[in-house]
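Shown next, in structure tokens, is the structure this report addresses.
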Amino acid sequence: MSLIIIGTVAFDAIETPFGKTDKIVGGAATYASLAASYFCNKVKIVGVVGDDFPQSDIDTFTEHGIDTEGLQVKKGEKSFFWSGKYHNDMNSRDTLVTELNVLESFDPIIPESYQDCEYLMLGNLTPIVQRTVIERLKKRPKLIVLDTMNFWMDIMMDDLLETIKLVDVLTINDAEARQLAGEYSLVKAAKKILAMGPKYLIIKKGEHGALLFNEDKIFSAPALPLAEVFDPTGAGDTFAGGFIGYLAKVGTISFNNMKNAIIFGSALASFCVEKFGTEKILNLTEEEVSARIKEFVSLSAFTIE
């Protein structure tokens, strides 16, 4: 099943209580496509970088079976760059530097070879760019997943609401759900958000897991307790990539498969935070992923006599 992932391919510089990095490869599409590649062998990326982005890092995508025809390289321009510093609780951070560079004028081009798209992951970008991708596909994908953030709610709410109408699954964190719906209760917020258009809503709660909503059904997924979290950057994008990658693999959309997909996405995200950047999710074995998923299952498995 063909899967397109659109989003940022970028450089990050990160500081956490465990250390700091110079420029390393990051971006929503980077994390999501690498995660999805563990389950789906037809991942196609849409993004933009400058000519400062090393060919060796583009080759890393190819080595994971990710099609990079849709990755634009702008000559004489610089890639998107973000720098941030995490607080001791690792749940909050300060943005130190944001340089949009090539992202400022990003026009997503969909190659003809991508028009067989059945699954579409719209990573965190402007709602207008996300909507443009949907409109440029000749046939509506079987499933469209959209990730967004509070920044777009602050400055482009109307555009965001128009884009949300077009998707099947919306993924946001708990604070963003409350802001979008104007409700503190996540159950009430979910009901309002589902009325905006999507069939499914995923509310990410970081170290407290994730919630899945669909009509009158709710699923609560645990988060894996980890002894050390080195870098939470990209964990949400890794989760989203694992989620849609699993659904593309099984090829059937149902609430039960969505539940499974959340566990698979959570498993990949739990690896991501154990090292800086993409380091930990670059070379996972099938055995490692399988063992981590079993850990998630055992977290909440119980019997009642």
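Tabulated data for the structure shown
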quantity: Single residue of Glu118, Glu63, Glu99, Glu104 found to be touching a residue at least 24 places away in the same chain (Cβ under 8 Å) and either of a type outside the set (Val, Ile, Thr) or crowded, with 16+ Cβ neighbours inside 10 Å (or both); calculated: Glu118
quantity: Residue under evaluation Ile6, criteria (1) at pLDDT below 95; (2) under 25 Å from Val133 (Cβ atoms), criterion not met; calculated: (1)
quantity: Selected residue (criterion: nearest to Glu162 (Cα to Cα)) from residues of region 101-140 that are of a type in the set (Asp, Glu) and part of a helix (DSSP H, G or I); calculated: Glu135
quantity: Residue selected from region 161-220 under the condition touching a Pro at 6+ places or on another chain (Cβ under 7 Å) and part of a strand (DSSP E or B), by the criterion surrounded by the fewest Cβ atoms within 10 Å (Cβ to Cβ); calculated: Val169
quantity: Selection within region 137-151 - modelled with pLDDT of 95 or more and surrounded by 14 or more Cβ atoms within 10 Å (Cβ to Cβ); calculated: Leu137, Pro141, Lys142, Leu143, Ile144, Val145, Leu146, Asp147, Thr148
quantity: Every pair of residues 6+ apart whose Cβ atoms lie under 7 Å, when the first sits in region 31-53 and is over 21 Å from Gln130 (Cα atoms) while the second is hydroxyl-bearing (Ser, Thr, Tyr) and not in a loop (DSSP other than H, G, I, E, B); calculated: Phe39/Tyr246
quantity: Residue within region 79-94 that is free of Cβ contacts under 8 Å to residues at least 24 places away in the same chain, at negative phi and among the small types (Gly, Ala, Ser) present; calculated: yes
quantity: Residue satisfying all of: in region 69-89; within 23 Å of Gly241 (Cβ to Cβ) and over 19 Å from the mean Cα position of the chain (by Cα); surrounded by the fewest Cβ atoms within 10 Å (Cβ to Cβ) among these; calculated: Glu69
quantity: 1 or more residues farther than 18 Å from Pro232 by Cβ and in contact with an Asp or Glu (Cβ under 8 Å, 6 or more places away or on another chain): qualifying strands (runs of 3 or more DSSP E) within region 8-100; calculated: 43-50, 67-74, 81-86
quantity: Positions within region 270-282 being in a helix (DSSP H, G or I) and in contact with a strand residue (DSSP E or B) (Cβ under 9 Å, 6 or more places away or on another chain), in sequence order; calculated: Glu279
quantity: Residues located in region 257-267, provided they are within 16 Å of Ala301 (Cα to Cα) and free of Cβ contacts under 8 Å to residues at least 24 places away in the same chain; calculated: Asn260
quantity: Residue that is surrounded by the fewest Cβ atoms within 10 Å (Cβ to Cβ), among those in region 232-267 that are assigned to a helix (DSSP H, G or I) and touching a Lys or Arg at 6+ places or on another chain (Cβ under 8 Å); calculated: Phe255
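The values are calculated or read from the model by the stated rules, or taken from the named source; none is laboratory data. The structure presented is a predicted model; accordingly, all values stated were derived computationally and were not measured. Using ideal geometry, Cβ is built from the backbone for each residue, glycine included, and neighbour counts are taken over all protein chains shown.
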